[in-house]
């Protein structure tokens, strides 16, 4: 079985972006931190859905990310 290198690279890149971008959002004036964080979760869910390629578990996780992102955009402030 050949290891999926792109999966490891994208995972590490996602963690790096998450740990650097998310804390920086707190420095922005209101309402931008909440709006951008919600948009990031929606984008992450959309990318996860595209990556899933029919895997129901990953699609479920993607749907939860999108729902949380939309809820954060609209209600959780």
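The values are calculated or read from the model by the stated rules, or taken from the named source; none is laboratory data. All of these numbers come straight from a predicted model, not from anything done at the bench. Positions of Cβ are generated from backbone atoms using ideal geometry, with glycine treated the same way; all protein chains shown enter the neighbour counts.
Please enumerate the residues belonging to region 15-42 that are free of Cβ contacts under 8 Å to residues at least 12 places away in the same chain, under 20 Å from residue 67 (Cβ atoms) and under 12 Å from the mean Cα position of the chain (by Cα).
18, 36
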Write out, first by first residue and then by second, each pair whose Cβ atoms fall under 8 Å of each other, whose residues are 6+ apart or on separate chains, and whose first residue, in region 48-77, is at negative phi while the second is exposed (fewer than 13 other Cβ atoms within 10 Å of the Cβ) and not in a helix (DSSP H, G or I).
77/31
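Please list, ordered by residue number, the helices (runs of 4 or more DSSP H) wholly in the chain having 3 or more residues that are surrounded by fewer than 13 Cβ atoms within 10 Å (Cβ to Cβ).
Fully inside the chain and qualifying: 5-25, 56-74.
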Exactly one condition in (1) at pLDDT 90 or above; (2) in contact with a helix residue (DSSP H, G or I) (Cβ under 6 Å, 6 or more places away or on another chain) is not met by residue 62; state its number.
(1)
